[in-house]
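Right, one structure below, let's go through it.
The values are calculated or read from the model by the stated rules, or taken from the named source; none is laboratory data. As the structure is a prediction and not an experimental result, all values here were calculated from the model. Counting neighbours? That spans all protein chains shown, and the Cβs are built from the backbone with ideal geometry, glycine included.
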Amino acid sequence: MNPEHLSAAGHLLLDRRRFLSSTATALGSIAFSNLLDSDGLLAANADSVQINPARPYAPRAGHFPAKAKNVVVIFCAGAVSQLETWDYKPKLIEWDGKPLPNGPATTFQGPAGELARPQYEFSQRGKDGKWVSSMLPHLAELTDDIAYIHSLTSKSNTHGPAENFLSTGSPLDGFPSLGAWTTYALGSENADLPAYVAIPDPRGVPQNGANNWGTGFLPAAFQGTTMSALDPIRHLTAPGITNEKDRSAKMLLQRMNARHLAQNPENTKLAARIASYELAARMQLSVPGVTDLSTEPKHVLSAYGADSTDKDKAAFARNCILARRLVEKGVRFVQLFNGAYASGGKLNWDGHNALKEQYDVHANILDQPAAALIRDLRERGLLEETLVVWCTEFGRMPFFQKGSKGRDHNPDGFTCWMTGAGIRPGVSHGETDEFGSKAVKDIHPLYDFNATILHLLGFDHEKLTFEHNGVRRRLTNVEGNVIREVLL
C-alpha cells in the first residue's frame, strides 16, 4: 500500500479517535450541566431577574433588604474640577505658577502649563471642619450630611466614553445604564408613571445623550423616559374625542394587544411597546398633575430659586422640584442633568480656557436648586429612603493648560459624593496626592461607585446579571467592590 495512503489512514484514525473522545466528554458535560440546572445551581438560572413582559414595571424584591427605595442622580456634565469644589489642596496655593514636579509635558488638549491655585477660596464647614469651596455655598452648608469619595478613577479622558463609563459601566456604546439596570431589577412602585425618568438640563442634553439613560441589551421597556419641567412628555392629550370613546378605544386596543402578545410570547420588544402604550394611556391622567408646578407654594419655589431672574437657574430649579415630585410619587430612578454638550464649556463644566469665568455661571445654576432638593427631601421624610448621588465623568488637572486659564481632563483622581438612604454622613473617603493630580489612597474605579449604589438598592452587583450573546453581563463588568466606608 502506498505510504501516503497509510499516512492518510493513520491521520483519519487519529481524527476519529479524537472525535469519539471529544464527543464522550461533551455528552458528559451536557448531562452534568442539565443536572446543575435542574437543581437551580447554574449562575444563569440563579441570577436571572424574572420579568413578566406584559407587566415589566411590577415591583420586585432585591437580593437583600434595601436601604434605598429611590435614587436621584445629579449628573454634572463636562467634568467638574475637584480642585475648585470638594478636594482642598493647600500645596497648590504654595506652588502656584510653578511647574508640576515630574509632571506631563502634554495632556489631553495640548501642552501643560504651570500649577494653578484653586480659583475659589476654601473654608472649613460643618462640625468636622471639612474644607469646602466658596463656589457652592448652599451645598457647602450640607457637608455634615454628605459622604465624599475623593479617589475615583475613570477609564477614559474623553467626555463621551467617560459619560458612558459613569452611566453604564463601559466606555463603549450599547450597554445598559444604571437606571435601566435598577428598574430592570426592581420595577416601580407607581404603575401610572415611568419607572425611570431622565431630566435633561434646560440648555440641552449631555454629549452622549440617550446613551446615559438607554437600555443597551436589556429589554426595551427599561429605557429612561425624558421629560423636564420646561418640556413635559408630549402627545398625552386625547386627540379631540370624548372620554367615553377614548376609553372604549383603549379597551379594544388592550384586548387586541393581549391577543397579539399571546401569539408572540418571545418578542420582548413587542411586549415593551404594548406596555409603554398602556403606560402612556395612564400617564394622560398622572403626568399633568406631576409636572404642573403652579400648585407649589411660593416659599418652595423661592427656596429652590425657581423665581430667579437667571432663566437657566430658574429652569434648573424647576427640574429639581420635578425630581422631588417624581420621588414622592414612587418613581424609582431620576437622573437630573446639569450641563449640556458644548465645546469650550459655555454650557457645561468643561473648563479648558476660562474656568473661573465659566464656573461662576454654572455654579450659580447648580448650587441653590440642588441644595434645596436635598433639604426638601429631608424635610418631607423622603431622604431616609432616597439615595442622592452627585457625580461627574472625571476631574481636572492641577495645572492650567499652556496659554489658558483653564484645566485639562483628569481621569486619574476626582470626587463624587452621596447622601441620604444608607449613607454615613460627614465622611471623606480616599485621597489624591498633594496636588490633586492622582488618586493615591483607597483608589476606587467607577465600578466601585456603581457597585455601592446597587448595594444600597438591595443588590449584589456580581449577581445582578443578564445574558447577552452568550455572556453573563453586569453593570460592573468583572470588577467592582462596594465602598463600605461610606455606608451606615
Is at least one residue of segment 50-61 modelled with pLDDT under 90, on the phi < 0 side of the Ramachandran plot and of a type in the set (Val, Ile, Thr)? yes
Within segment 463-482, how many residues turn out to be surrounded by 14 or more Cβ atoms within 10 Å (Cβ to Cβ) and β-branched (Val, Ile, Thr)? 3
Can you find, within segment 219-261, the residue that is modelled with the lowest pLDDT among those that are of a type in the set (Gly, Ala, Ser) and out of contact with any helix residue (DSSP H, G or I) (no Cβ under 6 Å at 6 or more places or on another chain)? Gly240
Go through segment 300-316 and give me each residue that's among the hydrophobic types (A, V, I, L, M, F, W, C) and in contact with a Leu (Cβ under 8 Å, 6 or more places away or on another chain). Leu301, Ala306, Ala315, Phe316
So how many residues does segment 121-144 have that are surrounded by 13 or more Cβ atoms within 10 Å (Cβ to Cβ) and free of Cβ contacts under 8 Å to residues at least 40 places away in the same chain? 5
Tell me which residues, restricted to segment 441-462, are surrounded by 24 or more Cβ atoms within 10 Å (Cβ to Cβ) and without any contact (Cβ under 8 Å) to a residue 24 or more places away in the chain. His461
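Pick from Gly413, Gly420: which is over 15 Å from Leu487 (Cα atoms), crowded, with 21+ Cβ neighbours inside 10 Å and at pLDDT 95 or above?
Every option except Gly413 fails the conditions.
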Is it the case that Asp87 is at pLDDT 75 or above, in contact with a Lys or Arg (Cβ under 8 Å, 6 or more places away or on another chain) and assigned to a loop (DSSP other than H, G, I, E, B)? no
Which condition does Gly470 not pass, out of (1) modelled with pLDDT under 95; (2) under 22 Å from the mean Cα position of the chain (by Cα), if it passes all the others? (2)
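Conditions (1) crowded, with 20+ Cβ neighbours inside 10 Å; (2) assigned by TED's automatic domain parsing to the domain that holds Leu366; (3) at pLDDT below 95, marked per residue:
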position	(1), (2), (3)
Val72	yes, yes, no
Phe75	yes, yes, no
Leu83	yes, yes, no
Lys98	no, yes, no
Pro101	no, yes, yes
Ala105	no, yes, yes
Leu115	yes, yes, no
